[in-house]
Amino acid sequence: MKEWHLYIPYCNPTMNQTCFPLCNYSPTVLFLQTSNHSSISRKQSAKDHSTTFPLCAPLFSAIMGAYSCLSSSAVALFAGDRHRQKNRNSSSLPSRRRGIGVICCASNDGVKSSRSCTELVAERLPMPMLAEDDTIFTSNGMMSFVPYKEANGTKVGSTRGIGIAGFLEGKQLLVTGATGFLAKVLVEKILRIAPGVGKIYVLIKADDKEAAAKRLEFEIINAELFRCLREIHGKEYHEFMSSKLVPVIGNIREANVGIETELADEISKEVDVIINSAANTAFDERYDVALDTNTIGPFRLMSFARRCEKLKLFLHVSTAYVNGQRQGRILEKPFGMGDTIKRETSPEFSANATPILDIESEIRLAFSSAKTSWDAPLVQKMKDLGLERAKIHGWQDSYVFTKAMGEMVINCMRGDIPVVAIRPSIVESTYSEPFPGWMEGNRMMDPVVLLYGKGQLTGFLADPNAVLDVVPADMVVSAMVAAMAKHGSRSNPGMHIYQITSSVVNPLVIQDLAKLIFQHFSAFPCMDAKGRPIAVSPIKFFDDANEFSACVSTDAVRRNERLAAAVSNEKISRSLKSFCSRSVEQAKHLAKIYEPYTFYGGRFDNTNTRELMVEMSEEERRSFGFDVGSIDWEHYISDVHVPGLRRHVMKGRGRSIEPQLGAIP
């Protein structure tokens, strides 16, 4: 029986790309060979192949946008690590790090077969198994119905530690999403704790070098977050930052991640670690846009990673909520290609009734449904499509669904590259470093907090007894650095998962959170336009969306009547009425998109993360500690987070005398 093998060298952006309109990606050449042997001859040069086609493996044909020019018979798989060259410098056939070894289906045990993805997934979809200890295990998670038990014995931190400082010394990093909230905290942490780090290439969306340099200056170098670094370096601060940070024009939504060819070649020879923090985090984004960033984006970046000669680690920032609608205690397990949560959470469905997750089909569906225009009906149609597809397969929304598929793609493509996937839960303001309470933009729970504090929301759609899994940004970043050092220095290929979460070891119950927020705004109320304190009442909880909508509408009418009575100007009165109406719609929208999270029944196990902390030395724990079990929620919410939210997001608007942003007690 003949085997089909496919090798995809790295992208050449100068080629004609009309055949790949979807992602603007064109491979230099694809070698398709039929053979009765299990490997492609290492002695055979590219020119010796009698047949070349501009085509891709089934999984990635849609990613490359080539489905319009593919024939059904053009199915080719590069079947695993056995084809990897022993000599990376050989000129006959590029090594797997220099190109893209396309693997249709991978698992923790390696490549199982070179048959189609659909065939493999159909055979591999697991049914939950009931163990004797009343715990249901699945291939990627565990739904626990017994109380959580700590590991036996007391573990003592290693005296030698991981060697974080030594690993970072002189390392060259490439960071995507560096102008975003979490990656910005990461860059600050590394530069402050490990000033001996090499260059940090910062991928920035910009039209030209001047625009990229301005964004770097404004959004990173001059950001308040870096004030500790400014104090450390004084007059030499800008010189230090310029010597470390290199702005790189790029975009993970473009071919070759948008980096010009010459610079891409330079970076591929220098970079030691790639950190992917770029993502579209909107819960209700257009399906095609979310896929392009969260699923196809990691594909493009991993394609670039395979060219990097010195690469020691690929670190991907995901989210704990890629676990979708799993319940109970959820383990830190990687996804296999085609895994669908619906089968785990709905075991009553038969194998034939549960749809198979085929990423290629999802991409084709999304882009065939989309048009170039951005009119309102189309945008809503694409948002609805993303939500529909997510729920079919067991995820809450298009954000976590596309992020989960992004993990699958990375695991499928990684080959011998060590990969760390960081899964934080709801990332909020810093706990202590570089100073307490720093944040940027509205995080998940913050719009609700602000509406409540300003008197525009008296209740919310939530289970008061549910747990809201929150983690401070600085703890997430410290865990990222520790995992980076551990796996980047040991050259241990694999997909290593770390869930940076609090719901198992230190749960924050929603009704306790609501009480703390009420106490804060009662003691330190926001002020209205006339400088009068805005009174708040204890937050009410609703388990029915219609009841919640009726409540916020009634509250808005009463609020509008009070405001209208206070003014005599008809124009101002109409403006106030419009404002109240918008606040009602905003509250309903937030309730709709947050409902899967405010009624969430899963608890994220963080055993791997806790074991990582055990490996650290005492000195490393002091500099890179991330013990979420040590968080004092009353202190964090009342003295750190809400004051930080009012200072850095509200910018002091509508505030009264506030408590000082709290130091750790």
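With the structure loaded, tell me whether residue 443 is assigned to a loop (DSSP other than H, G, I, E, B) and more than 27 Å from residue 548 (Cβ to Cβ) or whether it fails that test. Walk me through it before giving the result.
Working: assigned to a loop (DSSP other than H, G, I, E, B): yes; more than 27 Å from residue 548 (Cβ to Cβ): no.
Judged against the criteria, residue 443 is not a match.
Taking the listed residues 528, 469, 474, 512, the one that is touching a residue at least 12 places away in the same chain (Cβ under 8 Å), charged (D, E, K, R) and over 23 Å from residue 635 (Cα atoms) is 528, with no other qualifying. Would you check if residue 236 is modelled with pLDDT of 95 or more, of a type in the set (D, E, K, R) and under 30 Å from residue 507 (Cα atoms)? The answer is no for residue 236.
For the subset of region 166-205 comprising residues that are out of contact with any Leu (no Cβ under 9 Å at 6 or more places or on another chain) and among the aliphatic types (A, V, I, L, M), which member is farthest from residue 301 (Cα to Cα)? Per the stated criteria, the residue is 168. Criterion applied to 387, 357, 378 was being over 21 Å from the mean Cα position of the chain (by Cα) and either among the hydrophobic types (A, V, I, L, M, F, W, C) or modelled with pLDDT of 95 or more (or both), and the one residue passing it is 378.
From the list 593, 637, 631, the lone residue that is hydrophobic (A, V, I, L, M, F, W, C) and in contact with a Pro (Cβ under 8 Å, 6 or more places away or on another chain) is 631. In region 449-520, counting only strands (runs of 3 or more DSSP E) that sit wholly within it, the ones holding 3 or more residues that are surrounded by 24 or more Cβ atoms within 10 Å (Cβ to Cβ) span 470-472, 494-500. Do we have residue 549 as of a type in the set (Ser, Thr, Tyr), crowded, with 20+ Cβ neighbours inside 10 Å and under 34 Å from the mean Cα position of the chain (by Cα) here? No: the conditions fail for residue 549.
One line per residue, one yes/no per condition, for (1) farther than 26 Å from residue 365 by Cβ; (2) in contact with a His (Cβ under 9 Å, 6 or more places away or on another chain):
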{"site": "184", "(1), (2)": "yes, no"}
{"site": "242", "(1), (2)": "yes, no"}
{"site": "267", "(1), (2)": "yes, no"}
{"site": "276", "(1), (2)": "no, yes"}
{"site": "291", "(1), (2)": "no, no"}
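Yes or no, residue by residue, for (1) over 28 Å from residue 612 (Cα atoms); (2) of a type outside the set (A, V, I, L, M, F, W, C):
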position: 406; (1), (2): no, yes
position: 418; (1), (2): no, yes
position: 422; (1), (2): no, no
position: 446; (1), (2): yes, yes
position: 457; (1), (2): yes, no
position: 463; (1), (2): yes, yes
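Within region 629-641, restricting attention to residues that are part of a helix (DSSP H, G or I) and among the hydrophobic types (A, V, I, L, M, F, W, C), which residue is surrounded by the fewest Cβ atoms within 10 Å (Cβ to Cβ)? Among those residues, the one meeting the criterion is 633. Scanning region 616-628 for residues that are crowded, with 17+ Cβ neighbours inside 10 Å and assigned to a helix (DSSP H, G or I) returns 620, 621, 623, 624, 628.
Contact map, region 544-560: first residue of a type in the set (Lys, Arg) and modelled with pLDDT of 95 or more, second residue assigned to a helix (DSSP H, G or I) and exposed (fewer than 13 other Cβ atoms within 10 Å of the Cβ), Cβ cut-off under 6 Å, separation 6 or more or different chains; the map is empty.
The values are calculated or read from the model by the stated rules, or taken from the named source; none is laboratory data. All figures in this text were calculated on a predicted structure; none of them were measured in a lab. Positions of Cβ are backbone-derived with ideal geometry, glycine not excepted, and every protein chain shown enters the neighbour counts.
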